[in-house]
Every structure is written in structure tokens, then in C-alpha cells.
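> Can you keep this structure in mind? I'll have questions shortly.
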Amino acid sequence: MDGAQKATEPSRTSAYAERACKVLAGGVNSNIRLNEKPYPLCFVRGRGATLEDLDGRTYIDYVLGMGPVILGHDDPRVTDAIVEAVGRGLTFAGQHPDEVEVAERICAAVPSVEMVRCTCSGSEAVHAALRFARAATNRWKVIRFEGHYHGWLDTIYVGERPDEEGPVAPALPGTRGQSPATLQDVLVLPWNNLQALEATAHLYRGQIAAVILEPILCNTGVIPPKPGYIEAIRAVCDREKAMLIFDEVVTGFRVALGGAQSLLGIRPDLTIFGKAIANGFPLSAVGGRRDIMVQVGTGSVMHGGTYNGNIPAMAAARATLDALREHGGAVYGAITETGRSLMDGLRRTAAEVGVPVLLQGPGPIFYMWFTTKPAIDDPRTAKTEGAAARALFIPAMLRRGVRLVPDGRWHVSAAHTSDQIAQTLQAAREAFLEVRAAGVT
Ligand SMILES: Cc1ncc(COP(=O)(O)O)c(C=O)c1O
């Protein structure tokens, strides 16, 4: 395999990392990228399901830009559309036809979304959704769940709940520099625990503007809701007249054309999209019930942004959404099949080597733990379970030319081939042997 066997030796990549650290804080532009070991890699080219680094080493990529690259890197349909769009202009601070084309495609794909607004990042779209929900209800409290990630902005980024707290705990700042005041209306609840939600709904009756969640939790393990849980959350929101917000920044246009909500059969009031919506071009969207979105349209609720709906972003989304909805969204069958066969292969290979693993997720995204547990349904266990083995496995895969998210999440694209899956399983066999030899499982 043309892999990364020598990733830890001095190289142009390590020299780059040293140079970057002098002028870029931490050598990166997002703290999420600080976690890559031995140092954040530097890539010069992405094509299909592979990345090439500064030293010419290639990697099979399961990071996929942290999820967005659903069609594969440099998909010609998307690249050509962007190049053509750039020739027309970048941003007009005026409307252009692709904005409607994209909005119509989103609304057609996701029935709960009757109107949308586009913006640039998932964090921004989350911020907008919270404002829209608060305006619609004229209430301030927002319920969110432990382990879910809704971006890095002050209004929703939280620290871990202390163990001794009861189910209804005030939110703690997630970072230095964040004012606790920004979180005074945020309540953090344990995930997959209906009792905690009912207790909170009772305690804060008439004050809850919204419940926000990742419908399939993908930011701490990949944890689906327990049977009946999301339905119960929907019912609590209906009863309490609170908005249900699905943060589908990861799952939207990744797990199905209609997002996780189509797999779960639940209609939220507002949905947030990002990542896969434009195959990696910076774009996000917030949309939902017409009566909520109309308040934005009348100007009574502020939503702005110089780059919202810019020309290349809309072209990227139009081309991506066209590719994804071709033949009734057939590509999702293929991606799911690839993901599931990879999950099965990992289970089989681990069993042959004698390393206990648990794989969870719908296929286009999944998570692997080193554990004998049959399932994991809470983020606290998800975070710590098998962490020592994972910390060995991920660099062992990188040395063999397979790039994984440092936290253990796997993304699959339409561009992954059966050969690449076979190479991945061969690398995994060797990495499992290393893990077994270290005696950490
Ligand atoms: C579920 C979810 N919501 C929101 C965000 C924030 O999106 P962005 O990083 O584009 O600001 C992320 C980012 O990973 C996410 O996973």
C-alpha cells in the first residue's frame, strides 16, 4: 500500500507542521484539528476517497473533511460547477437564480423544511435556529443534550456536566473566554433519558423555547436514539409548545437524502444543515416550518451575512444536491451498502484476530469501540469505552495509509471502492494485531 508507513519520520510534512506552528495558532485553523497525532498532517490533493500529503504519501480517507465530502474529493460535477460559477462572480449582495434552485432542492428533499435561509457554517446556522425558535415562542430556555455538538459559539457550546449534578443541570462554559451569562438559558440533559426531559419540562413549564439535538448522535460515538425516545421528545415539545430543532449538520444529506429525520420518521420544527450539503464547500442552511421562517422574511427577526448565498457556494450545493437526488437518491443505497460491508468486515476481522469490537451507526457514518459491550447508548460511556485501544489503533491505521477521525468516527463516501475497503480491512487486521499485542483490550 502506498501508505504513511513513515509518517513519524522527519519529512516535508513534519517541517510544514513546525513552520505552521510559528504563524498559525497550534498550526491549524480549527481546534478540532489539534487532535491529529503525531501532528496535524498537511495535504496537497484530495481525489475520490484518497488524500495525498506533502511527501507524496496517499491515504484512504475516512475523515472526509469531518463528514462533508459525501461524493468524494474533487467530484468533477461539483468542481466544474464551482469553476463555472467563479467565472460569473463571487458575491453580489443581491439575489441570483441558484439561490432559489438550491432552496427548492432542500425543501423537496426534506418535507419538514418549507422555507430556508442559507449561511456559511454550521455554528452560524445553529445560532440562527435558536434565535428563530426563541422569537417564535417568545421564550428563552433551550434544552440540549450531553455529548451533542452544536458548534463552537458562546450561546450553545458547553462543558461537561459534573457527575454529582442531577438530571437538570445548568450549562457550564465549554472554554476559557466564554461568559457564563451566555449560557444562562441553556439546560443540559443526559441523552436517551426521557425521565430527565419530563422532569425538566415540568420544572420549566412555559419557559422552554426549544429542544435542540443531533437526531442520531454523531459527535460522541454514533448513538441512535433508543426506540420511542425521539417520538417522546416530539410529544413533549408539542405538549409544551416548544420548538424541536434537529441539528443535521452531520446527518443531513449524509445518512439519507431526507436526513436522519427521514430514517426516524419524525418531523422537527426547524432543521440545520451543513457539511454534505455542498460536498465540502462552506455552506450551511437553517429551515423549517413556514410560520417560523416567515418572521425572518418579514424582517422582524434578524438574520444577516455578507456571504450568505454566495455564487460558488450555491453552485456547489446545486451540483451536489443534483448528484445526490439522481435516480431517486440511489447513491444512498450504495454508500450505505459500502459502509455496512466495511462495518461487517471490521467485525469479522476483529473476531478473527481476537479483539472485541462494537460497531454502531447507519453505514454512511459509524463508530467503532474496543469493547465487549453489545451496545452503547450514552455519551459518557461512548467517550471513555476502549479509549486506550483506540489511541493505539488510529495511528496504527495512519501508518498503513488509512486516515481516521482521531475520536474514532468513520465517514464513508460514494467514492470509496471495494478495493479500498479491502485495503482498509487488511490495514485493520494488522492494527488489531498491534492492539492485541499491547494487551489493552
Ligand atoms: C452536529 C453539528 N452541529 C454544528 C456543527 C458546527 O458546524 P461548523 O463546524 O460548520 O461551524 C458541527 C460541526 O462539526 C456539528 O457536528
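The values are calculated or read from the model by the stated rules, or taken from the named source; none is laboratory data. A quick note: this is a predicted structure, and the numbers were derived from the prediction, not measured. When we count neighbours, we look across all protein chains shown, and the Cβ atoms used for this are built from the backbone with ideal geometry, even at glycine.
> With the requirement that a residue be in a helix (DSSP H, G or I) and not hydrophobic (A, V, I, L, M, F, W, C), what does the range 11-60 give you?
Once the filter is applied, which keeps residues that are in a helix (DSSP H, G or I) and not hydrophobic (A, V, I, L, M, F, W, C), the range 11-60 yields ARG12, THR13, SER14, TYR16, GLU18, ARG19, LYS22, GLY26, GLY27, ASN31, ARG33, ASN35.
> Please go through the range 66-109 and give me each residue that is surrounded by 14 or more Cβ atoms within 10 Å (Cβ to Cβ), more than 16 Å from the ligand (Cβ to nearest atom) and of a type in the set (Val, Ile, Thr), ordered by number.
VAL78, THR79, ILE82, THR91, VAL102, ILE106
> Can you name the residue in the range 427-441 that is out of contact with any Ser or Thr (no Cβ under 8 Å at 6 or more places or on another chain) and hydrophobic (A, V, I, L, M, F, W, C) and is also surrounded by the fewest Cβ atoms within 10 Å (Cβ to Cβ) among such residues?
Restricting to residues being out of contact with any Ser or Thr (no Cβ under 8 Å at 6 or more places or on another chain) and hydrophobic (A, V, I, L, M, F, W, C), the top hit is ALA437.
> For the structure I just gave you, tell me whether ALA135 is of a type in the set (Gly, Ala, Ser), within 16 Å of the ligand (Cβ to nearest atom), surrounded by 16 or more Cβ atoms within 10 Å (Cβ to Cβ) and not in a loop (DSSP other than H, G, I, E, B).
For ALA135, the condition - of a type in the set (Gly, Ala, Ser), within 16 Å of the ligand (Cβ to nearest atom), surrounded by 16 or more Cβ atoms within 10 Å (Cβ to Cβ) and not in a loop (DSSP other than H, G, I, E, B) - is not met.
> Between a first residue in the range 361-376 that is assigned by TED's automatic domain parsing to the domain that holds VAL405 and a second residue that is among the acidic types (Asp, Glu), which pairs have beta carbons less than 6 Å apart while being 6 or more apart in sequence or on different chains?
TRP369/GLU385; THR371/GLU385
> Turning to a different aspect of this structure: Just checking, which of ILE82, ILE60 is at pLDDT 95 or above and over 22 Å from PRO395 (Cα atoms)?
Numbers: ILE60 fails: over 22 Å from PRO395 (Cα atoms).
Only one candidate qualifies: ILE82.
> In the range 290-340, what count of residues is obtained for those that are part of a helix (DSSP H, G or I) and either in contact with an Asp or Glu (Cβ under 6 Å, 6 or more places away or on another chain) or not polar (S, T, N, Q) (or both)?
Qualifying residue count, the range 290-340: 33.
> Being assigned to a loop (DSSP other than H, G, I, E, B) and among the small types (Gly, Ala, Ser) is the filter here, so list the residues in the range 61-98 that pass it.
Correct list: GLY67, GLY72, GLY87, GLY89, ALA93, GLY94.
> Same structure, new question: In the range 402-426, which residues are assigned to a loop (DSSP other than H, G, I, E, B) and either within 19 Å of the chain's Cα centre (by Cα) or surrounded by 23 or more Cβ atoms within 10 Å (Cβ to Cβ) (or both)?
LEU404, VAL405, PRO406, ASP407, GLY408, VAL412, SER413, ALA414, ALA415, HIS416
> Cβ contacts < 8 Å: first residue assigned by TED's automatic domain parsing to the domain that holds GLY408, restricted to the range 20-37; second residue within 11 Å of the ligand (Cβ to nearest atom) and small (Gly, Ala, Ser), any location; separation 6+ or different chain. Result?
Partner pairs satisfying both residue conditions: none exist.
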